[in-house]
Structure formats: C-alpha cells, structure tokens
Amino acid sequence: MINKIITASLPIIPKIIIGKVASRYIAGDSLKTAVNTTEQLNKSGALVTIDVLGEDVTSEEEAINTTKECELVLKAIAENKLNSNLSLKLTQLGLQIDYKFCRKNLVSILKYASRLNNFVRIDMENHTCTDQTLELYFDLNKTYKNFGVVIQSYLRRSENDIKLLVNKKANVRLCKGIYKEPPGIAFQSADEIRENYKLLLRLLFENGSYIGIATHDDNLLNYASSYISTKKKKLDQYEFQMLLGVRAEKRKSIISDGHPLRVYTPYGKDWYAYSIRRLKENPQMAFYIAKAFFGLEK
Ligand SMILES: Cc1cc2nc3c(=O)[nH]c(=O)nc-3n(C[C@H](O)[C@H](O)[C@H](O)COP(=O)(O)OP(=O)(O)OC[C@H]3O[C@@H](n4cnc5c(N)ncnc54)[C@H](O)[C@@H]3O)c2cc1C
C-alpha cells in the first residue's frame, strides 16, 4: 500500500533523493566507473553487459553521440580485457527519428563489435518498439551473427515471436518485461507472466537457442535450474542474467553453483528513467526513500 502511494508520488520526489536511492543500480556517470565496476564483477566470477543509459532520443546528433559512446564501450572492454558485452536500446540510436537512420547506427556498432569479437544485446522497450526491433533483428541477422534480442514474457505475442526467432537460432534474453502495457497485449497477473516465462524458456531450450535467463524471481530461477540439470543442458547453451544492485547474494550463490551469470551494468548521465523503473520494482522502495529523505544512511 505504502509502496503504491510512493510510486504515485515519484514524479514529485526531488531528483537528488531518487539519485541517492537508485545509485545501487548504476555504476556511475562515466565509462571509467563502468570499467571499474566490471573489473570487480569479473573478479567475483560474473560476466557483464555494459549499458549506456539513455532512451527516447529525439535528435540525430544525440543518437550519433550515443552510437560513438557505444563504440567507446566496446573499445574499453577490449583494451581492459574485460569479460563483458554491450547492451543498448534502439530508441537511443534514433528508432523514433527514422528507421533507416537507426539501422545505420546499429550496423556501425555491430561492425565494430564484430571486429573486436564482441556481442551486442538489443534491449526490448515498450510495445510501440517491438515490431521494428524484431524487424531490424531479422533483417540484420542475415549479415551479422554477433547480436541478440530480448523477449518479454508479459507480452501475449511472445510465443509467436519466439517461434520465429528459434528458426534463426537467435540468441535471446528472456525477461518478464518492465513497461506498463495494456491487458489487450500483455498478461497482467504475476502467475500468467511466470507461466508464460516457463513456456518460452522451454521453447528456447528445446529449439537450441542460446538463452539469457534474466530474472531475480526465485520461482523462475528454481524452475530454470532444475530444467537445466534434468535436461543436462550445457554451459554454452545459457547464462543467468541479473541487474546491478539487485539480489547480489543470490547472484553469488548462482555463480558458486557453477552457472554462468551476467550482470547488467548501466552507466551514464541519463539515469533518471532507468532509476524510476528499478525503484518501482523494489519491494522496499518506500523504506529506502523514507531513509534518504530523513538523511539516514542508504
Ligand atoms: C539482465 C536483465 C535485463 C533486462 N532487460 C530488459 C529489457 O530489455 N526489457 C524489459 O522490458 N525488461 C528488462 N528487464 C527487466 C525485467 O523485465 C523485469 O522487469 C525485472 O527483471 C524484474 O522481474 P523479475 O523477473 O526479476 O521478478 P520480480 O518478481 O520483479 O523480482 C523478484 C525479486 O527480485 C527482487 N527485485 C527485483 N527487482 C528489484 C529492484 N529493482 N530492487 C530491489 N529488488 C528487486 C525482489 O526481491 C523481488 O521480489 C531486464 C532484467 C534483467 C535481469
């Protein structure tokens, strides 16, 4: 109840408070902070995917700058010998400006990543982007094999999309989905979203796609672990994925059980929208915000 009230009030909470409470989810505001965090995560046995924060870009200049920044990330990964790939959002590269312009920016990144023998994950945004994101994937998949997409189990269309993706042996990150979507296109109940997640996970495994199992939900983590052990899935067929700042203890136990695990590690100055999404999912958000308001330790 109190979390619901705070969620409704988030737009009027001062940015400084949001920034303080959400800092656990973000490496910092510079590439250097992302490199440092990645080094620490790699030392702890985790793989990483670095994300340049930002979305819904409306100027070509900004989209080109983000494209260059993504290439700097790939360069820094290579130079620092980090075990990390790159995650990005197509609206950062100008999807809402012009499809062909966005495609050109993505191709530039994919070519660069390919030269450095690295991989790029295209995050999935809200439902207005799904068609174009998948269209771009199927189009570029003919030429570039070093990238993958994300499927959200809350979308009713996802089973169909997965069936098309497995035909291409696509590399897919599977998550529940973070955006608020209408009931006509998305399951609303936690149980339906979970059941669909399990169905999609099975479809991906059965058809030989590589899966990024992106969840912190014990129910799904247990389901996936037991599926992997019963069906004797190999380490090169999947990885678990978690967000920086979420369930670090669970992350360690998954790694110590011998599973590959990747941490989504965002950085950058455009941290607000991402932070709000993360806070809304934090069951203890109200508590942390109250603590930050009263100046107590985070
Ligand atoms: C690596 C990765 C990449 C993702 N990429 C995308 C994407 O491209 N598109 C997209 O729509 N969504 C993406 N998501 C978000 C995802 O869709 C979910 O919104 C998010 O993971 C929460 O769902 P859950 O499965 O962890 O289950 P939940 O039921 O939400 O969480 C399970 C438990 O984890 C803990 N927890 C979860 N979130 C938080 C938090 N923010 N703070 C503190 N504790 C928390 C809580 O203890 C909670 O009970 C991604 C998630 C991950 C892990």
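The values are calculated or read from the model by the stated rules, or taken from the named source; none is laboratory data. No experiment lies behind these values; they were computed from the predicted model shown. With ideal geometry, Cβ positions are generated from the backbone for all residues, glycine too; neighbour counts draw on all protein chains shown. With ligands, DNA and RNA removed, areas are computed over all heavy atoms of the protein, side chains included. Shrake-Rupley method; radii C 1.70, N 1.55, O 1.52, S 1.80 Å.
Some points to look at:
- All positions within segment 257-274 that are open to solvent by less than 30 Å² (accessible area, probe 1.4 Å) and free of Cβ contacts under 8 Å to residues at least 60 places away in the same chain: none
- Selection status of Val166, at pLDDT 95 or above, open to solvent by less than 20 Å² (accessible area, probe 1.4 Å), away from the ligand (no atom under 15 Å from the Cβ) and of a type outside the set (Ser, Thr, Tyr): yes
- Subset of segment 37-52 [surrounded by 15 or more Cβ atoms within 10 Å (Cβ to Cβ) and either polar (S, T, N, Q) or in a helix (DSSP H, G or I) (or both)]: Thr37, Thr38, Glu39, Leu41, Asn42, Thr49
So that you can scan it fast, the table gives a plain yes or no per residue for (1) among the hydroxyl-bearing types (Ser, Thr, Tyr); (2) at pLDDT 95 or above; (3) within 16 Å of the ligand (Cβ to nearest atom):
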residue	(1), (2), (3)
Thr38	yes, yes, yes
Gly45	no, yes, no
Glu55	no, no, yes
Glu60	no, yes, no
Lys68	no, yes, no
Leu72	no, yes, no
Glu79	no, yes, no
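- Failed condition for Arg202, given (1) open to solvent by less than 60 Å² (accessible area, probe 1.4 Å); (2) more than 12 Å from the ligand (Cβ to nearest atom); (3) within 19 Å of Gln241 (Cα to Cα); (4) not in a loop (DSSP other than H, G, I, E, B): (1)
- Some residue of segment 215-222 being out of contact with any His (no Cβ under 9 Å at 6 or more places or on another chain), aliphatic (A, V, I, L, M) and either within 12 Å of the ligand (Cβ to nearest atom) or under 24 Å from Thr33 (Cα atoms) (or both): yes
- When residues of segment 109-130 are limited to those that are within 12 Å of Leu95 (Cα to Cα) and part of a helix (DSSP H, G or I), the one farthest from the ligand (Cβ to nearest atom): Thr128
- Candidates Asn171, Asn160 - the one that is farther than 18 Å from Ala63 by Cβ and open to solvent by 70 Å² or more (accessible area, probe 1.4 Å): Asn160
- Test for Arg194: is it of a type in the set (D, E, K, R), outside any loop (DSSP other than H, G, I, E, B) and touching a residue at least 40 places away in the same chain (Cβ under 8 Å): yes
- One residue alone among Lys280, Lys250, Lys231 is away from the ligand (no atom under 12 Å from the Cβ) and open to solvent by 30 Å² or more (accessible area, probe 1.4 Å), and that residue is Lys231.
- Residues located in segment 131-154, provided they are within 15 Å of the ligand (Cβ to nearest atom) and closer than 20 Å to Asn207 by Cα: Leu134, Tyr137, Phe147, Gly148, Val149, Val150, Ile151, Gln152, Ser153
- In segment 1-36, the qualifying residues are those that are without any contact (Cβ under 8 Å) to a residue 24 or more places away in the chain and of a type in the set (Lys, Arg), and the one that is least open to solvent (accessible area, probe 1.4 Å) is Lys32.
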